[in-house]
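Have a look at the structure below before the remarks.
The values are calculated or read from the model by the stated rules, or taken from the named source; none is laboratory data. Model, not experiment: these values are computed from the prediction. Every residue, glycine as well, gets a Cβ built from its backbone with ideal geometry; the counts of neighbours run over all protein chains shown. Heavy atoms of the whole protein, side chains included, go into the accessibility calculation; ligands, DNA and RNA do not. Shrake-Rupley method; radii C 1.70, N 1.55, O 1.52, S 1.80 Å.
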Amino acid sequence: MANTFALMVACEIMKHGSMVLNLAFETEVDKLLFRKQPPEPFFVLAAIKKQTMEQPPNTKEETMDDLPSSDSIASNDKALYPNWCHRNQAPISAEAIKTQFENLARRFQFQHSNVENMHEYLMCQLNSRASRTSCQQALLSIHRDYIGGDNANYKRWYFAVWSALETNYSVKDWTEYKSFKNLQTRLGAVIAATAPVEEERPQSKCSDIFSEVLDGGTCNPLLQLEYKWKFDLYNASEIEYIQQIALYLMIWGEANNVRFLPEGICFIFKICWDHWKSENKKGILLPINYFLDQVITPLYQYIRSQKYQKTTSGVWKRRNLRHDKIISYDDMNQFFWHPDLIRNIKLKNGDILYNVSKEVRFLHLHLIDWDKCFFKTYREVRSWNHLITNFGRVWIIHITMFWFFTAYNLPTLYTVNYSQLLNNPPPPQVQLSMVALAGVIPPIMTIWGIFFEFTFIPMRFPGTLASTLGRLFYCVVILLINLGPGVYTLWFIPLTVYSIHGYWISVVQFFTAVATLVYFAITPPAKLFGSLLRQNMNSNRTNEFAATFAPLDRKGQINSLILWICVFGAKFTESYFFLTLSFRDPIRVVAIMATNRCHSDSLISTKWLCANQPKIILVLLILTDFVLFFLDTYLWYIICNCLFSILLSLHLGISVLTPWRNIFLRLPERILSKIVYKKAPGSPASLISLIWNAIIISMFREHLLSVEQTRKLLFIDLSDGNIRPPVFFVFQDDASFSLKDFFVCGKEAERRITFLAHSISTSIEEPLPVKALPMFTVLVPHYSEKIILSLKEILKQPHQSRISLLEYLKQLHREEWNVFVKDSKTLHKFGEGDFEESHEANSYNDIAKLPDTEGRDIYASVGSGKEDLSQFMQNEINDIPYYCVGFKDSDSFKPLRTRIWASLRCQTLYRTISGFTNYQTALKILYQAENKEEIQYLLAEEVEEHLDQFSRTKFQLLVSMQKFQSFNETELEDAKSLFQAFPLLKACYLEEEKMSVEESTYYSTLLDTSRVNEEGNYGVKYRIKLSGNPILGDGKADNQNNAIIFSRGEYLQTIDANQDNYLEECLKIKSVLAEFEELRIDALVEYLPGSIGCVEQSQVAIVGAREYIYSENIGVLGDVAAAKEQTFGTLFARTLAAIGAKLHYGHPDFLNLIFMTTRGGISKATRELHLNEDIYAGMNAISRGESMEKGIKRTATRIWKHLVSLTPLFEVFVCNIYAESLRRNITYGGATYIPTGRGFAIIVPPILDAQFKLVDKTKVRLGPQISTLVFQPVGQNYNDTGSNAPLNIPRQKPSYTMTTIR
């Protein structure tokens, strides 16, 4: 009965479309998975028909309304997971889940802290999913993402690799299985084609296949395995789901650097699960920390041995080896991609691991000789051969087209007895055949590239040699096909005689050459002749893990096609008419030129140079034309890219030509529709005022707006209950008003408000209820960046400088400093308590109580008498300390305010934490806006506690302080100030415990900053022992990997410790996370036996966010650098995203935490190889819109400043530096991560030391470059850490732009 049921379910699903189980669907179908026996088929089919035919698929409103009320949030332990409760159909309690963790820990001897940490990790994910669906669906969807779903990396590995060890299947079986997974399209098409009348529908081919599967016939073994996989999951209990997830997480939690081997984790999980499922449930009592010491540590030691060696003194010293001699993470991970390699894993005693019974393989893992398992799969060498191997299609397109153009327009070179007077052409077949010889260039270039592949790719990996030789063979065949007709036409037929059959042969040859060019130009080298080569599973397995690209939609395909047609169409048109034709006539003259009167030169004793001068000139002309033929391609790419980006911006409704009034006209209603959930209670005016006032007051607290400016921009609650909008919105239609009337000096506030208006005018996802928001973590890796600037650092004038950092910041942020000074004076007059209350203002009434500070002194107006004038002068003299340092007395709080003000305008960790804590504020504001009825009867203290507890269930800010243990007293004091200012901040670090002079034990430690002992040490929440020092690379990637186990929730935002964020950007978080398209969780259908291909699209992995570079106002060079970043990160990124070619930088992007952690993490960590470690998180992005910030007038002003300051000449100097760096890297090899410092250019060293020293190093010649050096201002960082860069470009302010990676 179960088999028949599964077949009928699969066919009916495909008949009626993909079964969409919305979250409000409360029928018996929701309970199918949790039943031990399947119900009667007709009942199921009736339920499915009722669901798919009577209810529309888009039922988001019903989905989001039926959510757990916040009254379940209590002060006990259950408050941590308010959505995982019995009322929300929790199938198993949090305590029972922890019991399963503990059972697994006893069996495998996982660490207690690892158990506690991973239990909290899982519960946070379950609670997050349960906030928008039932607990049953939440558990099932988490298990689907980790273990059993079609997009789960473990299932991909199991079917691609491990199944080959237990099942004999062919390449044909694999191909049929992969194509058959798109069951919705295939089965639906068969049923539609064979069933014109539903009552007379014949048995489909797919039904026949399923019948064989169900009857145990000789069907595709992978389809049988697929059915068995889902049947087992269908009948599994909730306890088994928990056990599998818990086992995977605890393996991952202790894996240390092995986390960079995702398929290695899958291998270990499979071995452990087989051991857990063995009949002897009690097993053998293993020693403490057995899993870490016997499973992870041997793998870690092998990783470390590739990079370091232990000296006789017991110190680990880095091995000075080339990358092609080091087996890296990728080489090791690729070992687990092939079943033959796993099948032949040998133990130290010579036995084969696979021959050991699967129930006890786990107990033999420590006996594996890993030294004899791994080998290089790719040689990372610096070589000019990469130009051919990796850029082969670039050469093919350009050289082939150059041959077409040149051979056609220069018949003079191959015309027998050519006369310039007669201009006699060659026979048609000769000219056509010469042009068609271009067809030999693609196979020749490909053959050349294949030969060079042997220098990069070892042929030891199974199937690599056969595939390479196969491509080489067919390239030779294509070469002969293109060369043969030309040889016949040009060799066997006289060059002066017209031949009709030779003409038709040359015509065929020409079209063959064109087809060859098109095929080799659009086909990647690795996929050449894929249909002709004998397919093997090795390439299929490699593609499963390294080349599984998300399909580009039809719109993206059209955009990509149009863009490249425009680029190459414009390039070849311009090259033909303005390059090839321009030197046709000179070639006609030079080709037949004869030099008969040559005399010996005094330096060259022969007449050879004179006699061959025309030939030499001819060769030089062709070479020059050939070089120029390559140069303009990138220019046309830039032009077309910019034009496409502008068109896309116009299509999205973004334009620099849009007047500011049009942008702000609909801002209030866009705030209501794009930020607040549409069913939020309360009047629209009250909701808008709550959000808008919070944004404005946040800018006031940041000293971006004065009291007077703030009053103009706030909504006012009137005594009659109405709300009066600010004049900012009232007078938008009045042409006499402009932005400057509201932002007199607040340029930064104006920019932020403008960007907010631009960004929410685009099409973004509809905001979901804040209670249904998924939980996410912001991860900030910290190494040696300043936490808070000290008074000495901001007041001291460095050597060779006439200005302190504070003076520089005061000039850079003049208006903000004036507002800060007035606040300081207010603090002095009214007292610290009143001042703190003023900065906790949340409404217009609170702001109205503050004294005016604009246009007059806060003490008194100047009178007409001498006493008044004298008092005024005395007040001004007394106020000098405020304008100099921001405070007047030595009270510890007031100097700290100045330090914080300066720190918030430099690249400090305090600035980053302060900015991203705005997520917590935004969540509280959104909760108050959407759930007023739940907090209106609570006391003020209870409301704040309630909001804090809610924000903890949705957001975590985690900073990974790699060097926390080695902080000096000043750094520890700064860290203490940071923890006190932001109590919800989580901090982890790498702890080293010295066991002896030679040996140390390392721990991943999560601090409990709420507990401090008498010695001032913070409490420890989790302390997980590691297999060794995790910092084996350049640092940042290892630091992120060390901290990622302490992240919480479903998504992760990666941030550098020099970035900032704003409240108005944080308020968009609901729409940002909605881009992941996981709000409707229909995991049930993926576990129904017989259902294949129910996942209609790839899983969203990354949602990108742009960066704003604020250095444009600190000098011309900073402006140039900011413009470059804007061009690269905005203008070009928009086009690349539209054609599916955008690669993300890694921060400040949002990552799907489960997707990324099950695929090797968020970065790569091979030392000196992965210097830009975080770019590896960005793959295959699709942008959905970005905003332009500059107007035409300001853009013209910037260009004029660049020209006047000789910036283009400075770019010549920069290019010389890049060229010299490239030359040295190629010549000497080696690449080192160079820290660039975190400061501003305030030191002016002597010209000879700073500039001509660089000139000598980079071999810049005398001329305009030297002039640029003389006139260009030069600076160094006041706290430079090793960089000679004259200016550091701070990154800040991620502004979400809805970029999606699948």
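Rounded, prolate or oblate for region 947-1009? Axes are the square roots of the Cα gyration tensor eigenvalues, ordered a ≥ b ≥ c, and the cut-off for rounded is a/c under 1.5. It comes out oblate by the Cα gyration axes.
Considering region 407-553 at the alpha-carbon level, its Rg and Dmax are found to be 20.1, 65 Å.
For region 426-479, the fraction of C-alpha pairs farther apart than 17 angstrom is 48 percent. Each Lys or Arg adds one and each Asp or Glu subtracts one; over the other residues with Cβ under 9 Å from the Cβ of residue 984, this totals +1.
Projected onto planes of every orientation and averaged, the convex hull of the alpha-carbon atoms in region 975-1032 covers 5.1 nm². Per atom type, region 381-525 shows carbon and sulfur on 76% of its accessible surface, probed at 1.4 Å. Amide hydrogen proximity for residue 761: with H placed 1.01 Å from N in the peptide plane, no residue at 5 or more positions away or on another chain lies under 5 Å. For region 914-1004, the solvent-accessible area works out to 46 Å² per residue, with a probe of 1.4 Å and every protein chain left in place. Per residue, region 375-526 exposes 49 Å² of solvent-accessible protein surface, assessed with a 1.4 angstrom probe and all protein chains in place.
Here the extension length gained between residue 970 and residue 366 equals 212.9 nm, from 0.36 nm per residue of separation less the Cα-Cα distance. Couplings for region 683-690, taken from phi via the Karplus curve 6.51 cos²θ - 1.76 cosθ + 1.60 with θ = phi - 60°, read 6, x, 5, 5, 5, 5, 5, 4 Hz in order; Gly and Pro are left as x.
Scoring 1039-1052, 460-473, 414-427, 501-514 by mean Cβ neighbours within 10 Å over their residues and listing the highest first yields 1039-1052, 501-514, 460-473, 414-427.
Put simply, when 875-883, 286-294 are sorted by average Cβ atoms within 10 angstrom per residue, most first, you get 286-294, 875-883. Taking all protein chains together and a 1.4 Å probe, the residues 651, 366 rank 651, 366 from largest to smallest accessible area.
Between region 247-313 and region 1026-1058, the C-alpha centres lie 19 angstrom from each other. Sequence-ordered 3J(HN,Hα) estimates for region 385-391 from the Karplus curve with 6.51, -1.76 and 1.60 and θ = phi - 60° stand at 5, 4, 4, 8, 5, 8, 10 Hz, glycine and proline given as x. In summary, region 868-924 shows an alpha-carbon radius of gyration equal to 1.64 times the 2.2 N^0.38 Å reference for compact globular proteins.
Here the accessible area is traced with a 1.4 Å probe on the protein chains. For region 259-334, carbon and sulfur cover 51 percent of it. Of the residues 390, 360, 446, the one whose Cα sits farthest towards the positive end of the charge dipole of region 360-454 is 360 (charges of +1 on Lys and Arg Cβ, -1 on Asp and Glu Cβ, taken about the Cα centre).
Peptides 901-909, 398-406, 474-482, 989-997 ranked from most to least packed give 901-909, 398-406, 474-482, 989-997, packing being the mean of other C-beta atoms within 10 angstrom over each peptide's residues. Among the protein heavy atoms of region 925-1022, carbon and sulfur supply 46% of the accessible surface, probe 1.4 Å, non-protein parts ignored. Counting only protein chain heavy atoms and rolling a 1.4 Å probe, the accessible areas of 445, 459 rank, largest first, as 459, 445.
Shape class of region 104-169 from the Cα gyration tensor (axes a ≥ b ≥ c, square roots of the eigenvalues): oblate, since a/c reaches 1.5 or more and a/b does not exceed b/c. Here the mean projected area of the convex hull built on the C-alpha positions of region 215-319 is 10.6 nm². Residue order by solvent-accessible surface for 821, 315 is 315, 821, largest first, with ligands and nucleic acids left out and a 1.4 Å probe.
For residue 945 and residue 730, a Förster radius of 30 Å and the Cβ-Cβ distance give a FRET efficiency of 0.20, rounded to the nearest 0.05. Remark: region 797-805, residue by residue, has Karplus-estimated 3J(HN,Hα) of 8, x, 4, 6, 9, 9, 9, 8, 5 Hz, where x stands for each Gly or Pro and the curve is 6.51 cos²θ - 1.76 cosθ + 1.60 at θ = phi - 60°.
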